[in-house]
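Please find one structure pasted underneath; my questions will follow.
The values are calculated or read from the model by the stated rules, or taken from the named source; none is laboratory data. Please read these numbers as outputs of a predicted model, since none were measured by experiment. Here Cβ is always computed from backbone atoms with ideal geometry, including for glycine, and neighbour counts include all displayed protein chains. What goes into the accessible areas is simple: the full protein's heavy atoms, side chains included, and nothing from ligands, DNA or RNA. Shrake-Rupley method; radii C 1.70, N 1.55, O 1.52, S 1.80 Å.
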Amino acid sequence: MTPTILTAQQQQTPGFPSSGPMASFNKQKPGTQANRGNSVGQKYTVIKAASEGGDKRMLDVIFERLRHTIRSEWTSGQEVASILETFEDVVLTPPTRLTDDEKDDDLLMEMWKEDVKQHVSERRALDKAKQKLYSTVWTMMSKVLQNKVMGQNGFIESGPRKDVVWLLQKIRALVTDFDSTTPEFLSVADAFEKIISYRQPESMDNADYVKNLLTLIKVYEQYCGPYGVHYMEIKKINDEVRAAVDDMGNPFSDDVKAAAKNVMIRDFREAVIAMLIIRNACKRRYSSLKKNLVTDFGLKINKYPDTIDSAVNALNVAESQLPPFLKKQRSPEVQFVQTNGEQKEQMGRSSTTLLAIGAKM
């Protein structure tokens, strides 16, 4: 199915869309986050590429309002709205298969069949909502952005099946000025430069700062893989996984080794990002924290946070000890940062990691 292109009238209509699945998009209550101040929310009604003035703030405002509407009005709204925040797919967990003994219990079997029917119904509703989200987002895009998306690698496959995760990831990349229609090396270099050069403004709280930094990192990772995990580190991880054995001296299965490798790469990535969070934090507010970490490291005492959560906590603790005139008042509704929507499980390396994973499989 070919995506619908906006007409000139639709693009120029301040309140677009005014009908269809997003008819209530521009009918938020006065004073809400989307419409706070001088009609900030009404300013952003069309998603634009970076080349025509689009930016992350625009995208955040539009998607926040869109999430609000979807949660309150759509079937499977809670699940599909989360895609606009994580840019990752939502997968419903099917009912657990019954054991052979449980299958002999007629009541359990009937209950399981009902659970399967419910799961199928919910999955179909979710798939339908994902396609609806694709169409809705597409009609909110400017013609320039639509044309840029259609020129991206993968559109021929993703467009007809309305892959909304693919679409949102491309929008995020194009809004933050990562365009696969330009030489890939230049786009990668620009994305990397944005991460390294980004600094926390003095007026920005820690939660928003980390959110902005992670957005830049995810754009980079979309094309380059886990941030900060270089070739030599992957080689080191591969060597450790290959050499690890269980308590009986036997090698681990390939599945356990693959899972262990993923955990070790994930942990290394988090440690790199945690250090980057400290490095790019506001110099005026956190100069003492940075200086102390560098001094301790020089004394062979590594106190750098190794997770995103612990890095945010280190900033918050350091800020709580500042004199009042240096503090940035954080929004009361945002006091923490989650990693991928769930609490991250900490694991060690080498055989310890492999044993922990093997026990779960």
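Quick test for you: out of Ile265, Ile277, Ile196, pick the one residue that is of a type in the set (A, V, I, L, M, F, W, C), crowded, with 21+ Cβ neighbours inside 10 Å and in a helix (DSSP H, G or I).
Numbers: Ile265 fails: crowded, with 21+ Cβ neighbours inside 10 Å; Ile196 fails: crowded, with 21+ Cβ neighbours inside 10 Å.
Testing whether each residue is of a type in the set (A, V, I, L, M, F, W, C), crowded, with 21+ Cβ neighbours inside 10 Å and in a helix (DSSP H, G or I) leaves just Ile277.
Could I ask something else about it? Hey, Met232 hits all of (1) touching a residue at least 60 places away in the same chain (Cβ under 8 Å); (2) open to solvent by 70 Å² or more (accessible area, probe 1.4 Å) but one; which does it fall short on?
Of (1) touching a residue at least 60 places away in the same chain (Cβ under 8 Å); (2) open to solvent by 70 Å² or more (accessible area, probe 1.4 Å), only one is false for Met232: (1).
Sticking with this structure for a sec: Among the candidates Lys211, Lys218, which residue alone is closer than 30 Å to Asp255 by Cβ, out of contact with any helix residue (DSSP H, G or I) (no Cβ under 6 Å at 6 or more places or on another chain), part of a helix (DSSP H, G or I) and open to solvent by 50 Å² or more (accessible area, probe 1.4 Å)?
Details: Lys211 fails: closer than 30 Å to Asp255 by Cβ.
Being closer than 30 Å to Asp255 by Cβ, out of contact with any helix residue (DSSP H, G or I) (no Cβ under 6 Å at 6 or more places or on another chain), part of a helix (DSSP H, G or I) and open to solvent by 50 Å² or more (accessible area, probe 1.4 Å) holds for just one of Lys211, Lys218, which is Lys218.
The rows are residues; the columns are (1) out of contact with any Phe, Trp or Tyr (no Cβ under 7 Å at 6 or more places or on another chain); (2) assigned to a helix (DSSP H, G or I).
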| residue | (1), (2) |
| --- | --- |
| Arg123 | yes, yes |
| Asn153 | yes, no |
| Gln169 | no, yes |
| Phe192 | no, yes |
| Ser203 | yes, no |
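Hey, another quick one. Which of the residues belonging to the range 135-160 are free of Cβ contacts under 8 Å to residues at least 40 places away in the same chain and under 22 Å from the mean Cα position of the chain (by Cα)?
Scanning the range 135-160 gives Val149, Gln152, Asn153, Gly154, Phe155, Ser158.
Still on this model: Does Lys283 qualify as being surrounded by fewer than 18 Cβ atoms within 10 Å (Cβ to Cβ), without any contact (Cβ under 8 Å) to a residue 24 or more places away in the chain and either more than 24 Å from Lys194 (Cβ to Cβ) or basic (Lys, Arg) (or both)? Before the answer, list the steps.
Details: surrounded by fewer than 18 Cβ atoms within 10 Å (Cβ to Cβ): yes; without any contact (Cβ under 8 Å) to a residue 24 or more places away in the chain: no; either more than 24 Å from Lys194 (Cβ to Cβ) or basic (Lys, Arg) (or both): yes.
Judged against the criteria, Lys283 is not a match.
Scan the range 122-164 residue by residue and report those that are open to solvent by 70 Å² or more (accessible area, probe 1.4 Å), touching a helix residue (DSSP H, G or I) at 6+ places or on another chain (Cβ under 8 Å) and either modelled with pLDDT under 90 or over 26 Å from Thr93 (Cβ atoms) (or both).
Within the range 122-164, Lys143 is the sole residue that qualifies.
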